[in-house]
1. With a/c under 1.5 counting as rounded, go ahead and sort the stretch 78-189 into rounded, prolate or oblate using the C-alpha gyration tensor (a ≥ b ≥ c being the square roots of the eigenvalues; past the cut-off, prolate if a/b is larger than b/c, else oblate).
2. Using DSSP loop states and a limit of at most 13 other Cβ atoms within 10 Å to flag GluC sites (Glu not before Pro), what is the longest stretch of the chain containing no flagged site?
3. Compute the Cα gyration tensor for the chain, then decide on rounded, prolate or oblate, letting a ≥ b ≥ c be the square roots of its eigenvalues: rounded whenever a/c is under 1.5, prolate when a/b is larger than b/c in the other cases, and oblate in all that remain.
4. Let me make sure I get this right: for the stretch 374-469, a, b and c are the square roots of the gyration tensor eigenvalues over alpha carbons, sorted descending. Under 1.5 in a/c it's rounded, otherwise prolate if a/b > b/c, else oblate. Which is it?
5. Which chymotrypsin sites (Phe, Trp or Tyr not before Pro) in the stretch 166-261 sit in a loop by DSSP (not H, G, I, E or B) and have at most 12 other Cβ atoms within 10 Å of their own Cβ?
6. Under 9 Å from the Cβ of Ala335, count the other residues' Cβ atoms, weight Lys and Arg +1, Asp and Glu -1, and hand me the total.
7. Might you report the magnitude of the Cβ-based charge dipole of the stretch 312-451 about its Cα centre, with Lys and Arg at +1 and Asp and Glu at -1, to the nearest 20 debye?
8. Efficiency by 1/(1 + (r/R0)^6): what FRET value for Ala385 and Lys145, r their Cβ-Cβ distance, R0 = 35 Å, to the nearest 0.05?
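Just so you know, all these numbers are worked out from the coordinates, no wet-lab data involved. None of the values given here were measured: they were computed from a predicted structure. Note that each Cβ is placed from the backbone with ideal geometry, even for glycine, and that neighbours are counted across all protein chains shown.
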Amino acid sequence: MVLRDRHLISRKSVPGVLGTLTLCFVFPLHADSVDDYVRTELARRRIPGLAVAVTRSGKIVKVTGYGYANLEHQVPVKPETVFQSGSISKQLAATVAMLLVEDGKIVLDEPVKKYLPDAPQAWNGITVRHLLTHTSGIPEYEFGKDFDIRKDYTDDERLRVVYGMKLEFPPGSRWNYSDTGYMVLGILLSRVGGEFYGDILRHRIFEPLGMKTARIISEEDVIPNRASGYRLVKDEIKNQKFVSPSNYRTADGSLCWSVLDMAKWANAARTKALLKPDSWREMTTAVRLSSGKTYPYGFGWLIDEWGGKQVLGHGGFGSGFTAQLSRRLGDDELAVAVLCNRFGIRLGKIARNIMAIYEPELALNEKPIEDKEPGTTARVRDFLARATAGKLVESDLPFLHGGFRQKQMHDFAELLAPLGELKSLALLEHRDLGDDVERRYLGQFEKATVNVRIQFTADQKVSDFSVQPR
């Protein structure tokens, strides 16, 4: 260990992402429980590097980098390290939309066809609000099927592809996360705003808020302190896939920034900067479906309740990166921003566990609750058995985020099959999500324990399903 600039730099050899790896951890002299927890997760989840910022009432109370921003050169992560933001950028796109609403250039409940006249007749019922709230019915695009990740597209070429997609459901009747909808939104914002939406971000959000690292991703530009992105392939760390420049210009997830700028953004949301109070209220109000029920999502903000306290947040995946921003609301708002340079890491739980170190009542419930629907749990057991055997088919998951893909079914089987026999399935949570019901379980297999989340429609179809190792 060495002391440098009032920080303790600790190097430790551990089994890691590249065999036995020397990990470099940079943390304040008074290391606390957050450091211990994050270092453990870094090694356990094989994360090359991670940055955390914690704010209380808008003031940073902790900001630290862990691990490596670049494995080849062993460059340690620091607070200024720049990571891709993934879908957290939807909050910024939504803010641009509301700025244009306040300018009188967009009306939320006007048809998208008013702004994109070439849109198909099937889109007559889709409004700007539907794009913002993931209730348009526009399906999720898929690289390799709808778009080539290595090809550059013009906005018109992207729209032609999307216009040819069949809507999944009548606009406003369901919530189903759609990157495609935000891709369309970004093009709409550029056309209505009269300039590329990324430039609107720069001069109407980033510059006023003093966000010095936030910007549209560019592989061509030299970006100081930029982290390299990684992914895990057959238990081996690989560099992120090549993505064409045009795929880094869409509004569904095209930003990069540091946790310092994430903290500034969280504080802007806390103080309701840039927009009128009514606009912020729109952005953070749960969307009302055509049935009259609400789904806990606003404009780029997921709305939740932890330990009786309201929490707003969002996660993001990029090519080789993962991000999470969570805010516990209140006069003394607590916010946690986390960025890491490995694709596929669920940072939501890490962010929540960090928040729970400061406020234990925010911890995720891991204790079983009474199961009043044993028949539903029996269905989940059967569903898990078929997932383990690789026998799920498209009709089993009619609303799966991103559409049904056989590779995804293979991934479920690849994860579950080595775990052995399912010994127990304990219900942890049961809640309504719009017209759907979500149930969260703790699945105890012979060799490991996993978290299982499954969602059912009103007619008992599975609308979402995920399995995560603990």
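1. oblate
2. By the stated rule (loop sites, at most 13 other Cβ atoms within 10 Å), 221-365.
3. It is rounded, given that a/c, with a ≥ b ≥ c, falls under 1.5.
4. Working: a/c = 1.88, a/b = 1.16, b/c = 1.62.
Oblate is the answer for the stretch 374-469, as a/c is 1.5 or above yet b/c matches or exceeds a/b.
5. Listed in order of number, the matching sites are Phe242.
6. Net of charged neighbours comes to +3.
7. 540
8. Given R0 = 35 Å and the Cβ-Cβ separation, E is 0.75.
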